[in-house]
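Peer 1: Got a structure here, written out as structure tokens. Questions coming.
Values quoted throughout were computed directly from the atomic coordinates according to the rules given, and no laboratory measurement underlies them. Only a predicted model underlies this, so the values are computations on that prediction, with no experimental measurement involved. FYI the Cβ positions are ideal-geometry reconstructions off the backbone, even for glycines, and counts take in every protein chain you see.
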Amino acid sequence: MAFQVRIYIQGVANFIPHSDGKSLLVLFPDQEEALRRGMKTPGDRELCRHYAVVQMDSRSFDPSLPRLWLTLDVEKNWVGFKSDSNVLMELSDDTPISGLLSLEEILEAVQLGAFSELDKRALPGPSLDSSLLKGGLFLDAGVLGAESKYQGAFAFRTVGGGSLGLSRNMSSVIRVELGDVTDLVLTLRPFAGGEPSSIPLRPIGDELDVWVRHFCDLREPDPEREVPKVGELDDDFVLNYALRQGLAELVTGDNGKLLPVPEVPASWIKGGPIGGDPHQCMPSGQAARSFDNPFET
């Protein structure tokens, strides 16, 4: 019997379309490694601890269980999904993922475009440096878009306090719709290699929702909770820069003070045309490039 599958991706992450437009990598930077390499937040405020998890209603894992919010720790693993979805992924630089602002655009706005290139050691394959990543997700099916319940208007200011003429509607949650399927299997493969683990998932009725999160709050997602106020910064956004080539130079001295972070603008009005509230832990987009399927290397 067919059922609808939705995958939600929430938190600090680099979304990287493959250059052929048929697959996507979502990379979660390792917070501890980023701080060790000199990453700083506005005012040197402490970042909350980010977890790499897959979460769902426990009945999707085992129908005999009561309704619980189930959390699987996927730190230092590649996450993937196998299904019979016929919804092909179609991505390109010409059709960016809604709700994401590209790191290239952000860094160009402060004349730091030379640092926009992704560190090749963060990509799956023999040159992977697993210390750079908390986890990663690979997808090769589905239609992507911003989840409006978590989308809000943001302006940008620099870590050093300067304002930018840059503002966008952004979302902390990107939704992937696989359409009708008859089976869905969660696959996990450690960064260290070895055979993937397979976990069959089951729908509740005719729907199945799965959350993949690099986030601080492990409670069940709630769009009404912890909405930032006007003037608040998304400090966690600096982790999006952790996978840039030449990070040590990017985060030091005047360069580090120029790094942009999202701020809830005073002009934001609840109930406006964007249909949602601003939330923390925003992900970012990245230019398309070639990479290996982490479940085949």
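Peer 1: Tell me whether segment 193-297 comes out rounded, prolate or oblate; compute the Cα gyration tensor, take square roots of the eigenvalues as a ≥ b ≥ c, and use a/c under 1.5 as the rounded threshold.
Peer 2: Values: a/c = 2.46, a/b = 1.13, b/c = 2.18.
Oblate shape, in that a/c is at least 1.5 and b/c is the bigger or equal ratio.
Peer 1: Just to confirm the filter: which GluC sites (Glu not before Pro) across segment 75-120 are DSSP coil and have at most 13 other Cβ within 10 angstrom of their Cβ?
Peer 2: Loop-located and lightly packed - E90.
Peer 1: Report the dimensions of segment 39-121 along its three principal axes from the alpha-carbon atoms, largest first, rounded to Å.
Peer 2: 56, 40, 26
Peer 1: Let me ask another. Give the peptides 283-293, 235-245 in descending order of average Cβ contacts within 10 Å, highest first.
Peer 2: Packing order, densest peptide first, comes out as 235-245, 283-293.
Peer 1: Here is a follow-up. Check cross-link reach from K229 to the lysines: straight Cα distance under 19 Å, and skip same-chain residues fewer than eight apart.
Peer 2: K149, K270
Peer 1: Let me ask something else. Which loop trypsin sites (Lys or Arg not before Pro) in segment 61-146, with loop taken from DSSP, have no more than 13 other Cβ atoms within 10 angstrom of their Cβ?
Peer 2: R67
Peer 1: Here is a further query. Which parts of segment 112-155 would a label at D20 reach, counting a residue when its backbone N lies under 20 Å from a point 7 Å out along Cα-to-Cβ?
Peer 2: 123-127, 137-144
Peer 1: Over the Cα atoms of segment 103-240, what radius of gyration and what Dmax do you get, in Å?
Peer 2: Taking only Cα atoms of segment 103-240, I get Rg and Dmax of 18.4, 52 Å.
Peer 1: Moving to a separate point now. Which whole-Hz ³J(HN,Hα) couplings does segment 184-195 yield from phi under the Karplus relation 6.51 cos²θ - 1.76 cosθ + 1.60, θ = phi - 60°, glycine and proline marked x?
Peer 2: With the stated coefficients, segment 184-195 comes to 9, 10, 7, 10, 10, 9, x, 4, 6, x, x, 6 Hz.
Peer 1: If you don't mind, another one. On a full-extension model of 0.36 nm per residue, what is the gain between M1 and E249, subtracting their alpha-carbon distance, rounded to one decimal in nm?
Peer 2: Details: separation 248, 0.36 × 248 = 89.28 nm, distance 5.43 nm.
Length difference between fully extended and current span is 83.8 nm.
Peer 1: Stretch A266-R219 to full length: gain in nm at 0.36 nm per residue minus the Cα-Cα span?
Peer 2: 14.0 nm
Peer 1: Moving on to the next point. Distance from the Cα centre of segment 128-148 to that of segment 226-251, in angstrom?
Peer 2: So the two Cα centres are separated by 18 Å.
Peer 1: Using the beta-carbon distance between S127 and S163 and R0 = 41 Å, what value does 1/(1 + (r/R0)^6) give for FRET efficiency, to the nearest 0.05?
Peer 2: Values: r = 39 Å, r/R0 = 0.95.
The formula returns an efficiency of 0.60 here.
Peer 1: Another question, if that's okay. May I ask for the equivalent-ellipsoid semi-axes of the chain, computed as the square root of five times each C-alpha gyration tensor eigenvalue and listed largest first in whole Å?
Peer 2: Its equivalent ellipsoid spans semi-axes of 30, 22, 18 Å.
Peer 1: Sticking with this one: Please flag any cysteine in the chain that has no other cysteine's Cβ under 4.7 angstrom from its own Cβ.
Peer 2: C281, each lacking another Cys Cβ under 4.7 Å.
Peer 1: Tally the DSSP beta bridges in the chain and give the antiparallel ones as a percent, rounded to 5.
Peer 2: 80 percent
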